[in-house]
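Enquirer: To start, I am sharing the structure in question, which I have written as structure tokens.
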Amino acid sequence: MRSIDEQGYHFEEWLTPKQIAEDVQQVADRISADYRDKEPLFVVVLNGAFVFAADLIRALDKDIRCEQTFIRVSSYFGMATTGQLEFIVPLQQVVDQRDVIIVEDIVDTGLTIHQLKAHLRAHGANSVRVATMLFKPAKLEYDDAKPDYVGHEISEEFVIGYGLDFDGFMRNLDAIYKVKK
Ligand code: IMP
């Protein structure tokens, strides 16, 4: 099993690139079925979701017409949430009347999704759903943040890789690694 040591923490491989690809395809198939007659707008939450989003949109059925836009928010410092969502790159595209799919790397407390959904609805989105590579159900604090499309559920451990960072690093790993205590 592959492992990585970073800043005094030991991480072990949890999802291999092959498992990730299967999860992504499963999410893409469900979105393709649900949005066949729509033109969804993917709102990709930077920085973490860029890797998942790149794979997800290419795994959709080829007849799905869709657009992508990017938003950058931050609520984390190191391994802990600060509780405050900061819009570092604000919404750049008109979402009025659009069927929006927020793309996240991981839904943890749900604060990010809770606030983003309110933001997108306030800007007139017709519908807002959430696709996330990972979901930590045991940590969810906001009912409306439960994701619609989930690659893989995970318990409360901190993970890195496949877009997920530890203080800005490790996003480039092709697998997802769990911290070991
Ligand atoms: P939430 O707002 O509490 O749901 O947190 C969502 C954001 O926290 C994600 O987009 C990640 O940037 C970050 N995050 C939460 N858990 C982890 C983790 O285990 N590893 C890396 N980032 C995480």
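The values are calculated or read from the model by the stated rules, or taken from the named source; none is laboratory data. The structure displayed is predicted, hence computed values, not measured ones. A quick note on method: Cβ atoms are made from the backbone with ideal geometry, for glycine too, and the neighbour counts reach across all protein chains shown. With ligands, DNA and RNA removed, areas are computed over all heavy atoms of the protein, side chains included. Shrake-Rupley method; radii C 1.70, N 1.55, O 1.52, S 1.80 Å.
Enquirer: Tell me which residues, restricted to region 100-125, are part of a loop (DSSP other than H, G, I, E, B) and near the ligand (Cβ under 10 Å from one of its atoms).
Expert: Within region 100-125, Asp108, Thr109, Gly110 qualify.
Residue-by-condition table, conditions (1) part of a strand (DSSP E or B); (2) touching a helix residue (DSSP H, G or I) at 6+ places or on another chain (Cβ under 9 Å); (3) open to solvent by less than 80 Å² (accessible area, probe 1.4 Å); (4) free of Cβ contacts under 8 Å to residues at least 60 places away in the same chain:
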site	(1), (2), (3), (4)
Asp5	yes, no, no, yes
Phe11	yes, no, yes, no
Lys18	no, no, no, yes
Glu22	no, no, no, yes
Ser32	no, yes, yes, yes
Phe42	yes, yes, yes, no
Val45	yes, yes, yes, no
Gly48	no, no, yes, no
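Enquirer: Specify which of the listed residues (Gln97, Gln93) is at pLDDT below 95 and outside any strand (DSSP E or B).
Expert: Just a single option satisfies the conditions, and that option is Gln93.
Enquirer: Another question, then. Hey, among the residues in region 126-151 that are of a type in the set (Gly, Ala, Ser) and in a strand (DSSP E or B), which one's nearest to Phe50 (Cα to Cα)?
Expert: Only one residue fits best here, namely Ala131.
Enquirer: For residues that are touching a helix residue (DSSP H, G or I) at 6+ places or on another chain (Cβ under 9 Å) and open to solvent by 20 Å² or more (accessible area, probe 1.4 Å), scanning just region 168-181, find the one that is farthest from the ligand (Cβ to nearest atom).
Expert: By that ranking, first place goes to Asp174.
Enquirer: Here is a follow-up. Identify, please: which residue in region 126-145 is more than 11 Å from the chain's Cα centre (by Cα) and crowded, with 21+ Cβ neighbours inside 10 Å and is, among those, farthest from the ligand (Cβ to nearest atom)?
Expert: Of everything passing the filter in region 126-145, Val128 is farthest from the ligand (Cβ to nearest atom).
Enquirer: Would it be correct to say that Ala54 is farther than 24 Å from Val89 by Cβ and open to solvent by 10 Å² or more (accessible area, probe 1.4 Å)?
Expert: So Ala54 fails the test.
Enquirer: Checking the structure you have, find out if any residue of region 41-54 is in contact with a strand residue (DSSP E or B) (Cβ under 6 Å, 6 or more places away or on another chain), of a type outside the set (A, V, I, L, M, F, W, C) and near the ligand (Cβ under 10 Å from one of its atoms).
Expert: yes
Enquirer: For region 88-103, does any single residue satisfy the condition of being among the hydrophobic types (A, V, I, L, M, F, W, C) and over 24 Å from Ile57 (Cβ atoms)?
Expert: No: zero hits.
Enquirer: Just to be sure, is Phe77 more than 11 Å from the ligand (Cβ to nearest atom), open to solvent by 50 Å² or more (accessible area, probe 1.4 Å) and at pLDDT below 95?
Expert: Against the criterion (more than 11 Å from the ligand (Cβ to nearest atom), open to solvent by 50 Å² or more (accessible area, probe 1.4 Å) and at pLDDT below 95), Phe77 does not qualify.
Enquirer: Taking the options Asp148, Asp165, name whichever one is under 24 Å from Ile57 (Cβ atoms), open to solvent by 30 Å² or more (accessible area, probe 1.4 Å) and within 11 Å of the ligand (Cβ to nearest atom).
Expert: Asp165
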